[in-house]
Amino acid sequence: MVNKQFPPDFLWGVSTSAYQIEGAWNEEGKGESIWDRYSHQPNHILNNGNGDIACDHYHSMPQDVALLKELGVKSYRFSVSWSRVLPLGFGEKNQKGLDFYKKLVDELLSVNIKPFITLYHWDLPQALQDRGGWVNRDTVSHFTDYANLIFSSLADRVDMWATHNEPRVVSFIGYGNATMAPGIADFSKSYQVTHHLLLAHGSTVQEYRKNGYHGDIGIVLDSEHSFPASFHPEDLLAWQRYYEQDTGIFTDALFLGKYPDLLMNWIGPMQPEIKPGDMEIIREPIDFLGINYYRGMEVSFHQTGGYLKCKTRHETLPMWGYTEMGWGIHPKGLLMVLKNLKERYGDIPLVISESGCATRDIGDEAGYVDDQERIDYLRMHFESGWHAIQSGINLKGYYVWSLMDNFEWSQGYSPRFGLVRVNYDSLGRIPKKSFYWYQNVISKNGF
Ligand code: GCO
């Protein structure tokens, strides 16, 4: 029996990203990206892992599309590797790289799966990093040109696009605490990087419209459910700074055309340089907002809590513990994040563009994983999605992270997020119990 039925055109999907699955890091003309460079340097990645081979998706793409077909997803979210199609980030294109994505799109369409393409999932071409990366305003126009190249090759058959994935991670982790590429430990750059990422987003959306494409274009942000530890004014203000840096700096810019005052006043001289007209570009209306949701976070004031003076604590369900990432499990938080977005910015179409968890995942002799924990996690979060729809939130789809186990950035291959187990020695794929559970949810359009 199905208790929680979803709307008929609901987009059940799964997500991946290029660097995390493709491998073939220097094959068939691909240029070096900042993730290639960063992971090839010692001590950046757990066990000195890297994405050189990853899941070898570049070579086993048809097999992976067959898995998607078996799963029954309506849509598949993946990203294009910029340096695979433009090895230097600009100039000469690499036709073989473009052909790979064309073939992927053709395969997906042949089995009725709607491609959802992310243009930037963190893998800047290294040649652009050498020119200053996202601190350099020129990267904005290089990104727009790159996007145009992809649109001209694929936008006739692809009608769902995200400019960036989680720009916060690029700005504040790539450039702030440096545990992600390009590994620059300098928060004073983070705000200029944020501004340029958003500018690149806005100008790409404008190009998309100008060229008359008729699909949907948006952006993907990560949003935790954060909340203050108490009603003490110091905690409330600490939480507000935290929230504005985590989410508000992006959403206020995208939907209100301004950066949040409290945070801007707090960071003072680190404020970005904004040229006249920039905020109008950033505010260019989008067709949907993608939200990656993973966890709940309690925030309190702490005198030595970094320059934001915040301390965080993962909030998890009673008796549940934490995922293998150490993240708190907070399904209701998803509903709260969506409600909050609607309250602040109005009735924007929303998509859960990522949601999932890393679990302990021990395979049996055949490699089969009985990942009941993942099923429980997903069911509770789907339930929040369902409640969101019942309460009138315009939620269009739900993409599970991830189709298969893959390269989890600085944590290497240790956390496993997949519905499909990847044996990293043989590169074989073995669907887990959660794969079959999700297959059933999709086929019934509910659970
Ligand atoms: C992100 C990325 C994914 C991660 C996933 C699990 O959200 O960080 O989009 O690449 O792998 O979120 O951490």
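The values are calculated or read from the model by the stated rules, or taken from the named source; none is laboratory data. Computed from a predicted structure; not experimentally measured. Ideal geometry is used to build each Cβ from the backbone, glycine not excepted, and the neighbour counts take in all protein chains shown. Note: accessible area is taken over every heavy atom of the protein model, side chains too, but ligands, DNA and RNA are not part of it. Shrake-Rupley method; radii C 1.70, N 1.55, O 1.52, S 1.80 Å.
I'm trying to understand the selection: among the residues of segment 93-121, which are of a type in the set (A, V, I, L, M, F, W, C) and either away from the ligand (no atom under 16 Å from the Cβ) or in contact with a helix residue (DSSP H, G or I) (Cβ under 6 Å, 6 or more places away or on another chain) (or both)?
Within segment 93-121, LEU98, PHE100, LEU104, VAL105, LEU108, LEU109, VAL111, ILE113, LEU119 qualify.
Give the residues of segment 162-214 that are free of Cβ contacts under 8 Å to residues at least 12 places away in the same chain and either within 14 Å of the ligand (Cβ to nearest atom) or in a helix (DSSP H, G or I) (or both), sorted by residue number.
Within segment 162-214, ILE173, ASN177, LYS210 qualify.
Taking GLY72 and the conditions (1) under 19 Å from GLU27 (Cβ atoms); (2) surrounded by fewer than 21 Cβ atoms within 10 Å (Cβ to Cβ), which numbered condition does it fall short on, given that it satisfies the others?
Of everything listed in (1) under 19 Å from GLU27 (Cβ atoms); (2) surrounded by fewer than 21 Cβ atoms within 10 Å (Cβ to Cβ), GLY72 misses just condition (1).
Give the residues of segment 107-153 that are open to solvent by less than 10 Å² (accessible area, probe 1.4 Å) and either in a helix (DSSP H, G or I) or at pLDDT below 95 (or both), sorted by residue number.
Passing the criteria: LEU108, LEU128, GLY133, TRP134, THR139, PHE143, TYR146, ALA147, ILE150, PHE151.
Scan segment 155-162 and tell me whether some residue there is more than 18 Å from the chain's Cα centre (by Cα) and crowded, with 23+ Cβ neighbours inside 10 Å.
Looking through segment 155-162, none of the residues is more than 18 Å from the chain's Cα centre (by Cα) and crowded, with 23+ Cβ neighbours inside 10 Å.
Considering only residues that are closer than 16 Å to GLY363 by Cα, more than 16 Å from the ligand (Cβ to nearest atom) and touching a residue at least 60 places away in the same chain (Cβ under 8 Å), which ones fall in segment 425-442?
Scanning segment 425-442 gives LEU427, GLY428, ARG429, ILE430, PRO431, LYS432, LYS433, PHE435.
Could you check segment 351-375 and list, in sequence order, the residues that are of a type in the set (Asp, Glu) and in a loop (DSSP other than H, G, I, E, B)?
Scanning segment 351-375 gives ASP361, ASP364, GLU365, ASP370, ASP371.
Look at segment 376-431 and say how many of its residues are part of a strand (DSSP E or B) and under 20 Å from HIS330 (Cβ atoms).
Going through segment 376-431 one residue at a time, the tally reaches 5.
Which residues, counting only those in segment 311-333, are within 15 Å of LEU378 (Cβ to Cβ) and hydrophobic (A, V, I, L, M, F, W, C)?
Within segment 311-333, LEU317, TRP320, TRP327, ILE329 qualify.
Okay, residues lined up against (1) within 12 Å of the ligand (Cβ to nearest atom); (2) over 22 Å from LEU221 (Cα atoms):
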site: MET325; (1), (2): yes, no
site: ALA358; (1), (2): yes, no
site: VAL369; (1), (2): no, yes
site: LEU395; (1), (2): no, no
site: TRP401; (1), (2): yes, no
site: PHE407; (1), (2): yes, no
site: PHE417; (1), (2): yes, no
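Quick one: would you say ILE217 is surrounded by 16 or more Cβ atoms within 10 Å (Cβ to Cβ), away from the ligand (no atom under 16 Å from the Cβ), modelled with pLDDT of 95 or more and outside any strand (DSSP E or B)?
Judged against the criteria, ILE217 is not a match.
Has segment 190-202 got at least one residue that is more than 30 Å from HIS40 (Cα to Cα), open to solvent by 30 Å² or more (accessible area, probe 1.4 Å) and out of contact with any strand residue (DSSP E or B) (no Cβ under 7 Å at 6 or more places or on another chain)?
Looking through segment 190-202, none of the residues is more than 30 Å from HIS40 (Cα to Cα), open to solvent by 30 Å² or more (accessible area, probe 1.4 Å) and out of contact with any strand residue (DSSP E or B) (no Cβ under 7 Å at 6 or more places or on another chain).
Among residues belonging to segment 340-367 that are out of contact with any strand residue (DSSP E or B) (no Cβ under 6 Å at 6 or more places or on another chain) and β-branched (Val, Ile, Thr), point out the one that is least open to solvent (accessible area, probe 1.4 Å).
THR359
Sort out which residues of segment 266-295 are more than 30 Å from ILE117 (Cβ to Cβ) and either surrounded by 17 or more Cβ atoms within 10 Å (Cβ to Cβ) or aromatic (Phe, Trp, Tyr) (or both), and write them in order of number.
Passing the criteria: TRP266, ILE267.
Would you call THR204 at pLDDT 95 or above and under 27 Å from GLU408 (Cβ atoms)?
No; evaluated as a whole, the condition is false for this residue.
If TYR58 satisfies all but one of (1) open to solvent by 10 Å² or more (accessible area, probe 1.4 Å); (2) farther than 18 Å from LEU427 by Cβ, what's the number of the condition it fails?
(2)
Being under 19 Å from ILE113 (Cβ atoms), in contact with a Ser or Thr (Cβ under 8 Å, 6 or more places away or on another chain) and among the β-branched types (Val, Ile, Thr) is the requirement here; does VAL400 meet it?
Considered against the rule, which asks whether it is under 19 Å from ILE113 (Cβ atoms), in contact with a Ser or Thr (Cβ under 8 Å, 6 or more places away or on another chain) and among the β-branched types (Val, Ile, Thr), VAL400 comes out as yes.
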